[in-house]
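Some notes on the structure that comes next.
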Amino acid sequence: GDANMYSINRGDWKALWIYFYNKDTGKGLYLIPASRYYTMTKGQIINLPLEDTFSTASLVTGDIYQMLKDTDDGELTQKALGGNAFSLLSISNAWACGAPYDLMTVASLHNHLCPGVLGGYIPVRYVEEKLPAEESDSYTVVFTSASCKLDAYPMLWDMTPGKKNLAIVSEGFTEDSQAEFTEKYGTSPAGVFVR
């Protein structure tokens with residue numbers, strides 16, 4: 001497609017929702033199918049009037065700048081989107097501002113865009129610049145703690161703990177070794193990258 005359709009990571013047991021966002025107008029349409037929709041046959045669905053298809057159909061202001069200018073409208077948007085507000089607003093606004101496709105895929109896996117996700121995305125790009133990998137190379141990363149940044153690595157480098165190329169809280173990062181690292185380099189280690 002045109003890098004404008006994203007499947008946000010959610011558990012199968014969570015309610016289905018659909019969100020359309022128009023970056024030119026800053027408006028979003030938030031839809032939740034009615035519960036009866038899930039038990040209908042295809043023939044019943046085809047004949048179902050649109051107004052009976054969704055239990056929720058809310059037109060909202062999705063542009064964060066518009067929401068900040070009109071906080072009453074912003075509060076209405078937050079209320080309409082409920083627990084999905086942060087996911088939908090952060091991802092749709094990042095897309096509207098031209099966030100790169102690969103960053104959007106990370107945000108989709110993480111189910112929102114936050115500074116922690118950028119804390120994984122930016123080091124990936126830095127390491128690729130400073131330690132470029134060839135076809136036969138691979139990266140391994142060991143982190144001192146689990147955080148949002150880790151969701152960048154499965155999407156950008158095909159790393160997972162199951163493949164043993166993404167480790168979290170390695171035994172090698174004891175408090176003593178972290179203190180030594182901090183003393184030697186003047187910073188606390190968040191992780192180590194190996195090509």
Report summary line: Any DSSP H helix in the chain with Cα axial reach of 20 Å or more and mean Kyte-Doolittle score of at least -1.0? Listed by number, the hits are 115-130
Query raised in the report: Of ASP102, ASP12, ASP70, which has the largest mean-square fluctuation in a 10 Å C-alpha GNM of the chain?
Result: ASP12
Query raised in the report: Amide H neighbours of PHE54 under 5 Å, counting only residues 5+ apart in sequence or on other chains, H built in-plane at 1.01 Å?
Result: ALA34
**Report entry** Cut-off 11 Å (backbone N to label point 7 Å along Cα→Cβ of THR187), residues of region 120-145
**Finding:** 123
Report summary line: Calc'd 3J(HN,Hα), region 19-27, phi into Karplus 6.51 cos²θ - 1.76 cosθ + 1.60 (θ = phi - 60°), Hz, glycine/Pro = x, comes to 9, 9, 10, 9, 5, 6, 9, x, 9
Report summary line: Across PHE20, PHE86, PHE181, the residue with the highest GNM fluctuation in the chain (Cα network, 10 Å cutoff) is PHE181
Query raised in the report: Relative contact order (percent) for region 72-143, with alpha-carbon contacts under 8 angstrom and 6 or more residues of separation?
Result: 23
Report task. Cross-chain or 8 or more residues apart, Cα under 23 Å: how many lysine pairs in region 14-114 fit that? Count them up, please. Result -> 7
Report task. Mind giving me the FRET efficiency for LEU16 and ASN47? R0 is 25 Å, r the Cβ-Cβ distance, nearest 0.05 is fine. Result -> 0.75
Query raised in the report: Non-local amide H neighbours of LEU48 (under 5 Å, H modeled in plane, Pro and chain starts lacking H): which ones?
Result: none
Query raised in the report: Ignoring ligands, DNA and RNA, what percent of the 1.4 Å accessible area of the chain is carbon and sulfur?
Result: 55
Query raised in the report: If we count GluC sites (Glu not before Pro) as exposed when they sit in a DSSP loop and have at most 13 other beta carbons within 10 Å, what is the longest stretch of the chain that avoids them all?
Result: 1-133
Report summary line: With GLN78 itself left out, Lys, Arg at +1 and Asp, Glu at -1 over residues whose Cβ is under 14 Å from its Cβ give -4
Query raised in the report: Using θ = phi - 60° and the Karplus curve 6.51 cos²θ - 1.76 cosθ + 1.60, what whole-Hz ³J(HN,Hα) does each residue of region 50-58 get, with Gly and Pro shown as x?
Result: 3, 5, 9, 7, 10, 7, 10, 9, 10
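Could you tell me the convex hull volume per residue, in Å³, taken over the Cα atoms of region 1-97? Show your work: numbers first, answer last.
Working: hull volume 12.1 nm³, N = 97.
Spelled out: Cα convex hull of region 1-97, divided by residues, is 125 Å³.
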**Report entry** Theoretical gain in end-to-end length, PHE86 to GLU129 [0.36 nm per residue, Cα-Cα removed]
**Finding:** 12.3 nm
Query - Relative contact order (%) - criterion: Cα under 8 Å, at least six apart; region: the chain - result: 16
Report summary line: The correct pair for the chain, radius of gyration to one decimal and Dmax as a whole number, both in Å and from Cα atoms, is 21.3, 71
Query raised in the report: For region 146-154, what does the Karplus curve 6.51 cos²θ - 1.76 cosθ + 1.60, with θ = phi - 60°, yield as ³J(HN,Hα) per residue in whole Hz, taken in order and with x for Gly and Pro?
Result: 7, 7, 3, 4, 5, 6, 6, 6, x
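Kindly report the accessible area of the chain per residue (heavy atoms of protein chains, probe 1.4 Å, no ligands, DNA or RNA), in Å².
Roughly 63 Å² per residue, with all protein chains present.
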Requested in this report: With a 1.4 Å probe and every protein chain left in place, tell me how much accessible area TRP157 has, in Å² to the nearest 10.
Outcome: 40
Query raised in the report: Which of GLY120, GLY28, GLY98 moves most in a GNM of the chain, Cα contacts under 10 Å?
Result: GLY98
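The values are calculated or read from the model by the stated rules, or taken from the named source; none is laboratory data. Quick caveat, the model's predicted, so the values are computed rather than measured. Positions of Cβ are backbone-derived with ideal geometry, glycine not excepted, and every protein chain shown enters the neighbour counts. Ligands, DNA and RNA are stripped out before the accessible areas are found, and what is left, the full protein with its side chains, is counted by its heavy atoms. Shrake-Rupley method; radii C 1.70, N 1.55, O 1.52, S 1.80 Å.
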